[in-house]
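Quick notes on the structure that follows.
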Amino acid sequence: MTQHNGLTWPIRLTALTVMTLGLPMVAAAQSAEEMMSSRLGTTDVGPVFQEAFEHAAMPVSEEIRAKAIQCWNDNQCDTGTGGELTVAYADGFGENVWRQVTKMEFIMQALTYPEVGKIVYTSARGDAAKALSDFRAYIAQGVDVIVTFADHGEALAPSIREATESGITVILHNGTVAGTPGEDYVTNISENICELGKEFIRAVRTGNPEAKAIAALGGTPGNPLSATWQGCAAEEVATLDGVEIIATEDTNWTQEGTFSAVSAILSRFDKIDGYIYDYADGFRGGVRAYESANKPLDFTVALRTDEQGLFCDMKAAGNPNFKVFYSSGQNYQARLALTAGMMAHGGAEIPANLDVPFSMKQATVDQCDASLPDEVSVSTLVDPDTLRAMFK
C-alpha cells in the first residue's frame, strides 16, 4: 500500500468495476487492459489512454468514495493530499444524469493524482455568458488544468485562448470545438463524431433494412456535438435511395425535452422507422411519448450513450420491433481529458487530437440490472457503490 496524506491506494492496479459492453454490469476486479478492451474494443492505444485507464483501474476505498461524493455534492473540495495543483472542470451544461456521471468520472480520476490538492467544478447551465464568466473566474483563480465540455463552441474560444496564454493547461472533450487544438488549447479528445453520425444511420438500417423515415434528435439548441453528427448523418442518408431524415428536434438532453420533441414528431408523421440521438436516458422520454400517443414502439433507435434505463424500458415493452443500438456513454472521456492535462502540465507532448475508438452494438434485455440506478451508463468507470450513493 502507498499513502499520500490520508488517501491510501494499493500499488496493484485493479478495477473500479467490471462492465463489458454488451453484457450486464458486474462488480469485480478488472485490469486497465481489460477495461480498455471492453470499453474501447482495443488495447492498441497511445500513452495518454494507457495512463488514463491505469489510473481509472485503481480501486476505490470507502475513504476515497466519501471524498468523491463530497467533491461531487459541493462542486469543489480539498483532496487531502497536500498537492499543489488545482484542476477544474468547466461544464457548459451539467443538469442531466449523463453530465453528472461525467463530472464524477473527472473527480474520481483527479483523486488518483496525489499532486492534485483541489478540485473545482462549474456548470454554465446552458448559458453562454455564464460559460465565459466561469472561464474568467478560473483564470483569475490561477487554476492549473481546465477540462471543459465546450457546449458553446466558438463563443468560448477567446476565453480558452486567454486561459492558455495565462499558463493554464486546457483540454476539450466529447466532440466540442472552440478554437484550434494544439494552439488555443492542448488537445481535443473525442470519438470520430462525424463517423458516429454515419454509423447511426447504418445501425437503423441494420435494425430495419427497410427503414426510410428517420428522425434526428439533438441536445441544447445549436450545440456543436449534435450539429456535427447530424450533418454527417445527413451525408450518409444522401447515399441511400429513398431514405430521408424527415424531422430534427432539440431536446435539451432531458427526458422532458425528448418527450416534447417526439410528441411533436408524432403529431406530424404517421410512422417513423428510426430515431438517431446522442442520449439514451433522454430517449426514455421518447418511449413515454409513444405510450402517451398509444402508438407501438415499432422502430429502431441508434444512440451514442448507453444508460441502462432505456434497456429496461425495452425489456418491459417486450416488443421485438423495438430495437436499440448504442455506441458508448463516453463518460470516461473526462478521465482521458484530465490525464492528458496532467501529462501536458508535466511537460509531455500531447497530440492536438486524440480519437477514442468506438463501435455500435445492439442492446439486449440482459443489460437491465435492477440493482443499479436506471441512469447508469453500462460503460461508465464509476463503480456501482459510488453510483448508488450519487443517485440514492
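Each row is one residue, and each column tells you yes or no for (1) surrounded by fewer than 22 Cβ atoms within 10 Å (Cβ to Cβ); (2) in contact with an Asp or Glu (Cβ under 9 Å, 6 or more places away or on another chain); (3) of a type in the set (A, V, I, L, M).
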site	(1), (2), (3)
SER190	no, yes, no
LEU196	no, yes, yes
ILE201	no, yes, yes
TRP229	no, yes, no
CYS232	yes, yes, no
GLU235	yes, no, no
GLU249	yes, no, no
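Every listed requirement among (1) at negative phi; (2) part of a loop (DSSP other than H, G, I, E, B); (3) surrounded by 20 or more Cβ atoms within 10 Å (Cβ to Cβ); (4) not aromatic (Phe, Trp, Tyr) is met by ALA370 save one, (3). Among the candidates ASP74, ASP78, ASP91, the residue that is buried (at least 22 other Cβ atoms within 10 Å of the Cβ), of a type in the set (Asp, Glu) and either at pLDDT 95 or above or more than 22 Å from GLU375 (Cβ to Cβ) (or both) is uniquely ASP91.
Has the range 299-319 got any residue that is hydroxyl-bearing (Ser, Thr, Tyr) and part of a helix (DSSP H, G or I)? No, the range 299-319 has no match at all.
The number of residues in the range 23-44 that are open to solvent by 30 Å² or more (accessible area, probe 1.4 Å) and either of a type outside the set (A, V, I, L, M) or at pLDDT 90 or above (or both) comes to 9.
Restricting attention to the range 356-367 and to residues that are crowded, with 20+ Cβ neighbours inside 10 Å and either acidic (Asp, Glu) or within 15 Å of the chain's Cα centre (by Cα) (or both), the residue that is farthest from GLY175 (Cα to Cα) turns out to be PHE358. Among the residues of the range 157-188, those identified as aliphatic (A, V, I, L, M) and either modelled with pLDDT under 95 or open to solvent by 20 Å² or more (accessible area, probe 1.4 Å) (or both) are VAL177, ALA178, VAL186.
Restricting attention to the range 107-143 and to residues that are at pLDDT 95 or above and on the phi > 0 side of the Ramachandran plot, the residue that is least open to solvent (accessible area, probe 1.4 Å) turns out to be GLY142.
The values are calculated or read from the model by the stated rules, or taken from the named source; none is laboratory data. These figures come from a predicted structure and were not determined experimentally. Positions of Cβ are generated from backbone atoms using ideal geometry, with glycine treated the same way; all protein chains shown enter the neighbour counts. Surface areas here come from the heavy atoms of the whole protein model, side chains and all, with no ligands, DNA or RNA. Shrake-Rupley method; radii C 1.70, N 1.55, O 1.52, S 1.80 Å.
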